[in-house]
Amino acid sequence: MRYLITLATILGLIFSFLMYGVKTANAGEAYNKAVLGHVIQSTVNGTNVDVSKLMESEIEKLAHQFAIESISILQNYLPAILDGVAADMRLKADKEYKCALLEGSKIEDKECQ
C-alpha cells in the first residue's frame with residue numbers, strides 16, 4: 001500500500017511538472033505528453049524509470065529556455081547598456097587626461113592624488 005501511495009505521488013508530481021511547469025508551444029506540449037506517456041507505460045510494464053535522470057533532463061531543458069529568453073532580453077537592452085559603458089569609459093578617460101594635464105603644476109585636484 002505504501003508503495004502505491006509513493007508511486008502515485010511521484011507520478012502526480014511528474015505529471016504536474018510536465019504538464020503545467022513548462023509553458024511552450026505545441027511541439028513542447030507534444031514532448032511533455034510523450035514523456036508522460038513513456039513514464040506511465042514504463043510504470044505499468046513494471047520497468048523502473050530513472051526519475052532523477054528525468055528531472056535532470058527537464059531542468060536542463062528549462063535552463064536552456066531561460067538562457068534563450070535571457071539572450072533576447074539582453075539583446076533588447078544592449079544599446080542602453082553599451083551607452084552606459086561608453087559614458088563610464090569617457091568619464092575615466094577625461095579624468096586621466098585632466099590628471100595628466102595637472103601633473104607638475106601647482107594646481108591640486110582631489111581626484112588626481
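At pLDDT below 90 and within 33 Å of the chain's Cα centre (by Cα), is that true of K61?
yes
Got a sec? Which of I40, I73 is at pLDDT 85 or above, touching a Leu at 6+ places or on another chain (Cβ under 8 Å) and either of a type in the set (A, V, I, L, M, F, W, C) or closer than 30 Å to C112 by Cβ (or both)?
From the options I40, I73, the qualifying one is I40.
Which one of these is surrounded by 10 or more Cβ atoms within 10 Å (Cβ to Cβ), of a type in the set (G, A, S), part of a helix (DSSP H, G or I) and without any contact (Cβ under 8 Å) to a residue 40 or more places away in the chain: S42, S52?
S42
Given Q75, Q65, which one is polar (S, T, N, Q) and touching a residue at least 40 places away in the same chain (Cβ under 8 Å)?
Going through Q75, Q65 in turn, the sole match is Q65.
Looking only at the range 89-110, which residues are among the charged types (D, E, K, R) and exposed (fewer than 10 other Cβ atoms within 10 Å of the Cβ)?
E103, K106, E108, K110
The values are calculated or read from the model by the stated rules, or taken from the named source; none is laboratory data. Just so you know, these numbers come straight off a predicted model, no measurement behind them. Cβ coordinates were reconstructed from backbone atoms using ideal geometry, including for glycine residues, and neighbour counts include every protein chain displayed.
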